[in-house]
1. State in Å² the accessible area per residue of chain A; use a 1.4 Å probe, count heavy atoms of protein chains only, and round to the nearest integer.
2. How far is it, in nm, from the label point at B:Asp243 to the one at A:Ala98 when both lie 7 Å from their Cα along the line to the Cβ?
3. A:Tyr106 to A:Thr256: extension gain in nm, 0.36 nm per residue of separation minus the Cα-Cα distance?
4. Hey, which aspartates and glutamates would be in cross-link range of B:Lys129, C-alpha to C-alpha under 15 Å, not counting anything within fewer than 8 residues on its own chain?
5. Which pairs break 24 Å Cα to Cα here: B:Lys111/B:Lys177; A:Lys173/B:Lys150; B:Lys105/B:Lys127?
6. State to the nearest 20 debye the size of the charge dipole of chain B about its Cα centre, where the only charges are +1 on K and R beta carbons and -1 on D and E beta carbons.
7. So who's got an amide H within less than 5 Å of the one on A:Lys71, skipping anything under 5 residues away but keeping other chains? H placed 1.01 Å off N, in plane.
8. Under 5 Å between amide hydrogens, which residues at least 5 positions from B:Met101 or on another chain qualify, with H placed 1.01 Å from N in the peptide plane?
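The values are calculated or read from the model by the stated rules, or taken from the named source; none is laboratory data. Owing to the predicted nature of the structure, the values given are computational and were not obtained by experimental measurement. Quick reminder, even Gly has a Cβ in these numbers, built from the backbone with ideal geometry, and neighbours come from all protein chains shown. Heads up: the accessible areas ignore ligands, DNA and RNA and are worked out on the full protein's heavy atoms, side chains in. Shrake-Rupley method; radii C 1.70, N 1.55, O 1.52, S 1.80 Å.
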Amino acid sequence: MSKNDRIFFEGSAAYDRGRKLKQAVFFNLFRAAAAINGMALLTIIYFMVANGWRAISWEFLTQPPMESMTKGGILPCIVGTVCLSFGAIVAALPIGIASAIYINEYARPGKVVRLIRLGINNLAGVPSVVFGLFGLGFFVVILDMGVSIAAGALTLGAMSLPVIIGSTEEALKSVPDTYREASLGLGATKWQTIWRVVLPSALPGILTGAILGISRAAGETAPIMFTGAVFFTPKLPTSIFNEVMALPYHIYVLATAGTEIEKTRHLQYGTAIVLIALVLGMNMLAIFWRARLRKRLK
Amino acid sequence: MNVPAQQEEQMEPEYKMSSENLDFYYGDFKALHSVSMDFKPCEVTALIGPSGCGKSTYLRCLNRMNDLIPISRVEGKVTLDGLDIYAPSLDVVMLRRKVGMVFQKPNPFPKTIFENVAYGLWVNGIKDKAFVQERVEESLKQAAIWDEVKDRLQDTALGLSGGQQQRLCIARALAVKPEVVLMDEPASALDPIATQKIEELIHQLKETYTIIIVTHNMQQAARVSDVTAFFYVGKLIEVGDTDTIFTRPKKKQTEDYITGRFG
């Protein structure tokens, strides 16, 4: 070993200890950050369940609220939230997917596309209460839908559009260009290529993104409080122009505007458990669905 | 003067495809400099040259695959049977049906083996089931893969080996009965045995098709082609009979490349 080699190796021992320590410190920091995330979810769920499990019963899930909402169940809220979410999917999915296809597959990159992207990004940053006011002004008043499932669902849909467009674009980008080239090379038109090759491959990603976007919107209160949800209605909706109760708004009402807030405390937590279960359930469904579609493509 | 039959015979273009002073730009970068070249029917032409020399770019000009690159630009002329393929009136979809392509990496669709081969027929509006069935079988046989897949046509194509996938892609290209087949390093991702199969296949295919193949492998070019063209930094340096190019190249750069002195 020459003198230079020795210097190099002796010098590196301390250096080596240093960089290994550094690595350990940073990895543990990251680990802690990830753990905080998991803990937050667990804490929320624990808190909800500990305070609200007494409220959960068959009656709670199948009956309307009774006696100034201090008794009875939350069936109209569950039905209302399901209707609003479903309506939002129906309204937003086609528009969102179509926009993403246009931006990603058809439009030549340039000013127009940049402008559209800017619009979408800004839409994503608009506070939900502003969407609520927009829904009130546009759907409820100008289009004269009244406070209804239709108006609420369209407002939620508008709010989820940026998420749906974003996730669809990601899904489209993940389809290898070689598929497009192969298809075009066989004399397929651009649309045939998109419809028969690109979309089927991108479908798992599109659907998960869409459902995640909608399930996020399903838990929102602000967009529906002026447009679709009401304080109290024991009837279940029979048309899309009926007003409904909804889980997030019901929690808000019980916790802030009820006549006997203390008495309904366990009902508030119970409703929150149902809402979280519904949202998590939708997410699970999305993940399960994606896994199945992916398997079929393999 | 009055010999129309003879005249018609003379009118028949001698070349299946030609390019005349073809320039190609990626944005400001000029990737091809005035490439002029002719391809005779039922011949195999090999395009060789070091990486980045423009041979793949040139190949992709021949079925306008470069149209997909937004910032690209073409100048000059490319003809198929004497017709300008960059003319505004030309239907690029029809062009690509006539000028098929096999890519460097096997790229079967995530569909069944049958669907992969039938795809080109379906998109071209052929719905007759018996006909499609027949054409799929014929194409798979032509691509020398029928015996390996005939019992599992309904399995996914992604379960095949790399070499099988590439032959499937060739079958897929042949199913629409192209007149010219472009191959972009079709064997570069394959092992020697699969490569040999592809080369044998090219030998058989040239009876029916005009084949233009890009390859990095000079032995391969020597084995499969009738004509060889050497590209260097976006220019066509030399083109001629494969035998001549590999034994008595006229240009020093060609000689240096084929003898392995650079590239």
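1. Values: 16650 Å² over 298 residues.
So chain A comes to 56 Å² accessible per residue, rounded to a whole number.
2. That separation, rounded to one decimal, is 6.4 nm.
3. Values: separation 150, 0.36 × 150 = 54.00 nm, distance 4.93 nm.
Working it through step by step, the gained length comes to 49.1 nm.
4. Within the straight-line limit of under 15 Å, B:Lys129 reaches these aspartates and glutamates: B:Glu115, B:Glu137, B:Glu138.
5. Working: B:Lys111/B:Lys177 21 Å; A:Lys173/B:Lys150 34 Å; B:Lys105/B:Lys127 29 Å.
Correct reply: A:Lys173/B:Lys150; B:Lys105/B:Lys127.
6. Working: 31 positive and 36 negative charges, 138 e Å.
Magnitude of the dipole: close to 660 debye.
7. Close amide H contacts, sequence-distant or interchain: A:Met66.
8. Residues meeting the amide H criterion: B:Leu182.
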